[in-house]
Amino acid sequence: MNFRIAIDGPAGAGKSTISKKVAEILGFEYIDTGAMYRAVTMKALALKINLHNEEDYIFLEETKIDFRNQRLFLDDKDVSEEIRNLEVSNNVSLVSSFGYVREKLVKLQREIAKNKNVIMDGRDIGTVVLPDAELKIFLNADIKERARRRLQERLENKLPAQSLAETIEEIKERDRKDSNRELSPLQKAADAIEIDTSELNVEEVVEEIIKLVVERGYKMENLEKNKLMQEATAEEEQAMPETAVTAETAPAVESVSEDVKEAETAEEKTADSAAEAADAEKGAEEKESAETEAPDAEGEISEEETAEEGTAETSEASETDGKEVADEETAGDSEEALEEDEEDYEDDNEESAEGEAPEDEEDEESAPERPKYRELQVVEGTVVEVIEARPEERRGNRVIKARKERVLIRLDDGQEGFLFRRDTADISDDEDLFDLFLEGDRVQGVIKKIYPDGGKFLFSTVLLKMRNELKKFEEVIKNHGTITAKVVKELSVGYLLKHNEYSCLLPSTQVAVPEEERENFIGSEIEVAPIRIDYGRIRLIVSQTVANAINRRKQKRSFLETVEVGQVFDGVVKNIESYGAFVEIAPGVEGLLHISELEHRRVNKVEKVLNIGDPVKVQVIKVNNEHVGLSRKALLPNHWADYVADKEVGMVIEGDIVEINNAGVVLQLADEVTGFLPWSEFAYERDVYITDFVAVGDRIPAKIIEIDPQKRRIILSRKQLTENPWEKLEIQINDLVEVTVTKELKEGYKVLLQGALGYLPKRSIPADKALSEGEVVEARVRVFDPQKTRLVVSMRSDRPARQVYGKFQADEPQEKLTATLGSLMEEQLKGLKK
């Protein structure tokens, strides 16, 4: 079975760097999925296709993407550095959002994972590409640190780079796109282990992942490049080479193949081997001491019994010194049961020793080497004898101990062992071992105990049954279930737990309780989630953090089932993005308060209204699976709607001028309600300066010409309050008319004729005549063009007028007028500067 590692996380978290290092150490194939999407993006840009049109990505049918020695090749060209440029970075999220692109690349990624050990990194590996990966990691880091890493990467590769602040914004935008895309958004798998790399260097992160790989059952003794494992293996071989377990020497039994693949961490192996070596030495010393101090009675028998005592003490010492490993491997036998095993072992070896004759050295040397076994290994053998129980009896000065009924089983290579009643599965109180076993029967069981002296094994069919029943937890894992277990003791790699009769290993990284709060942790009942079945050691690998995540998800789903549109919650702002705020409306349940739902008026920045930690009352406006849409403005008074409720187009209203700009005038109509008066609707004249007529703070009337509820917009008109004077004005060139002076300019005056605005040049006014605003004077029409809303009058009577014939004017001897449109605007501008 291949081992697959899925590493997900946001941009700049260090996924690629970490994945490459881990792949190098483990000898895995590194598949940079993000690089594959970048390669597709780069080719799409090179082909100049429409990036927004999914059909244009048909070129993938003839595109080749491959990895060679951690280098990415696109159509046989190494593009490992080119795909990291800024243009590709800004478009890769768009490209990866298309279903066709993802379908093609995901299929390729899964095919690669079928045939070899792989490590993949991306944004949906653990949730979409490899949902059943043996190990899932979610790498994360502070956004500033991620931006710094991305900037440094580009500088080192001599690629175009922005400033740190710009790179931070780029990362934020990338996060937003990745987290909100409809197809496979960036999210952490429920059973993924999150590692924050903000304050960790590469080596520390790699070491943590290697540790997790070992905890998940990957056999480390095959990794030649792992220096720590080489040292551990060397120490183990030096300390106790006789008990080393390798895949090559394990029996070729189908049921054992899976067990052989399972191995402890280097720390456990080294500790186990060292403890057994120390115990063997201690046992030898005790044996020698016992032989010296043994009584004389029945010398031969006493010598055997003394030797057996040494063996038992050796086993007991081994059990004490290497207790952590023993506790795990015996699948939780009680101390009383272990003591009984020791006593039974002594008795049976004593009995065997009485009837056995020493073998010749030549026979020992010529005998084939037996396979090497390990405890909890599944084996199969033949029943040699079913031995009856017998009571205790005395023979002279010697007391013969009571014997329990047992079955002598011989493995195919000659190794023998006993199966006692208490280790026999499915035996009732009124049954004997004779009822279940006959000589010659083939029996499958688990090695419960191996003693260092090379004597008989202890077998167990109870453990075999437990091992087979572990399969029921596959459904628990598949359905994201949880179990309750009792914390028994602390181990070097975590904690030993008990769930009914099953042992559970809770790795340190999966403990949710902070270290400073673990004072009463041992002995407590906790809820955990099985994440893997360790058949080789008949135990479950469990996680408290995953269980908490599962419960939070269940609570969230349960809560969301009760949420309806229109409900109101008192929430707390947990996070703020450029597009809105995430508000917690219940423990672990957050909804999106979009920026457009903050207030009835337009809000450009969320922080102007809310900040992280602020309490806020919100109303549910949308529920879509686990996504909740919220609104704040729905609970606020809607002044705009209240105002327009009794308004309609054509009505005349009044407002206060709050702003005059190049586009027009903004009027305050009511509290938080404004209307807009465009420049073109201020007056009928084309060339007019609004500030010549009104100022900020003035209250003016206006007519409503448009009400747009969707855009919350009211458009007003001032000129439509009166009829168009240019359409009613009936004058001819050279007519004598009365005009009202409205404003003095540098080169002339603005005058009003029957509502039409005109111009009176100063040079046409007699030198002895002074005019003032509001004065009515007689003047002669010199220029009149109603289409262009242009009127020029003069107070000089000796000046001929220009005749207008259609679109053309006849050239007659006359004084050239300076009151052109350009000169008028220039004079008005100069007048404003004054």
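The values are calculated or read from the model by the stated rules, or taken from the named source; none is laboratory data. Note that this is a predicted model, so its numbers are computed, not measured. Ideal geometry is used to build each Cβ from the backbone, glycine not excepted, and the neighbour counts take in all protein chains shown. Surface areas here come from the heavy atoms of the whole protein model, side chains and all, with no ligands, DNA or RNA. Shrake-Rupley method; radii C 1.70, N 1.55, O 1.52, S 1.80 Å.
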Q | Cα pair distances in the stretch 415-516, grouped into 10 Å bins until the bin that holds the longest one, percent each | A | 12, 31, 30, 20, 7, 1
Q: For Arg403 and Ser163, compute 0.36 nm times the residue count separating them, minus their Cα-Cα distance, and round to one decimal in nm.
A: 78.1 nm
Q. Got a sec to turn the phi values of the stretch 527-541 into Karplus ³J(HN,Hα) couplings, 6.51 cos²θ - 1.76 cosθ + 1.60 with θ = phi - 60°, whole Hz, x for Gly and Pro?
A. 9, 10, 10, x, 10, 6, 9, 9, 5, x, 10, 6, 8, 10, 9
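Between Thr562 and Glu392, how high is the FRET efficiency from 1/(1 + (r/R0)^6) when r is the Cβ-Cβ distance and R₀ = 51 Å? Nearest 0.05.
The value I calculate is 0.15.
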Q. If you wrap a convex hull around the C-alpha atoms of the stretch 1-107 and split its volume per residue, what is the figure in Å³?
A. 114
Q: Could you work out the local net charge near Val603, counting Lys and Arg as +1, Asp and Glu as -1, over the other residues with Cβ closer than 14 Å to its Cβ?
A: +2
Q: Taking H placed 1.01 Å from N in the peptide plane, check which residues at least 5 places from Thr197 or on another chain put their amide H under 5 Å from its amide H.
A: Asn140, Ala141
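On the protein heavy atoms, probe 1.4 angstrom, tell me the percent of accessible surface of the stretch 1-142 carried by carbon and sulfur.
Result for the stretch 1-142: 46 percent of the exposed heavy-atom area is carbon or sulfur.
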Q. What do you get for Rg/Rh over the stretch 649-763 if you use C-alpha atoms and the Kirkwood form of Rh?
A. 1.04
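So how do Met651, Met36 rank on accessible area, 1.4 Å probe, biggest first, that is with the largest at the start? Write out the running numbers ahead of the final one.
Numbers: Met651 60, Met36 0 Å².
Greatest to least solvent exposure: Met651, Met36.
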Q.
Please list, short to long, the whole-number percent of alpha-carbon pairs of the stretch 426-475 in consecutive 5 angstrom bins beginning at zero.
A. 4, 15, 17, 22, 20, 12, 7, 2, 0
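FRET efficiency for Gln555 and Tyr689, Cβ-Cβ distance as r, R0 = 56 Å, nearest 0.05? Each step should come with its number before you reach the end.
On the way: r = 65 Å, r/R0 = 1.17.
So the FRET efficiency works out to roughly 0.30.
For the stretch 602-662, what relative contact order do you get, as a whole percent, if you take Cα pairs closer than 8 Å and at least 6 residues apart?
Details: 25 pairs, mean separation 11.5, N = 61.
19 percent.
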Q | 3J(HN,Hα) from dihedral phi, the stretch 663-676, Karplus parametrisation 6.51/-1.76/1.60, rounded to Hz, x for glycine, proline | A | 8, x, 10, 9, 10, 8, 9, 6, 4, 6, 10, 10, x, 10
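Per residue, what volume in Å³ does the convex hull of the Cα atoms of the stretch 697-774 enclose?
Details: hull volume 12.3 nm³, N = 78.
Per residue, the Cα convex hull of the stretch 697-774 comes to 158 Å³.
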Q: Report the full-extension gain for the segment Glu416 to Lys711: residue separation times 0.36 nm, less the Cα-Cα distance, to one decimal in nm.
A: 97.4 nm
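With every protein chain kept in the model, how would you rank Arg146, Arg442 by accessible area, 1.4 Å probe, largest at the top? Before the final figure, lay out each step's value.
Numbers: Arg146 15, Arg442 120 Å².
Result of the area sort, largest leading: Arg442, Arg146.
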Q) So how far, in whole Å, is the C-alpha centre of the stretch 65-123 from the one of the stretch 491-515? A) 38
Q | Amide H contacts of Arg713 (H built 1.01 Å from N, under 5 Å, at least 5 apart or other chain) | A | Asp708
Q | Nearest-0.05 FRET efficiency for Asn201 and Val658, computed from C-beta distance (R0 45 Å) | A | 0.20
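Net charge near Ala683, counting Lys/Arg +1 and Asp/Glu -1 over other residues with Cβ under 11 Å of its Cβ?
Numbers: positive: Arg686, Arg718, Lys719; negative: Glu681, Glu685, Asp687, Asp692.
Local charge sum for Ala683: -1.
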Q) Around Glu654, with a cut-off of 13 angstrom between Cβ atoms, what is the net charge of the other residues, counting Lys and Arg +1 and Asp and Glu -1? A) +2
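Between Asp698 and Ile427, what length comes free when the chain is fully extended (0.36 nm per residue of separation minus the Cα-Cα distance, one decimal in nm)?
Working: separation 271, 0.36 × 271 = 97.56 nm, distance 10.20 nm.
Between Asp698 and Ile427, full extension yields 87.4 nm more.
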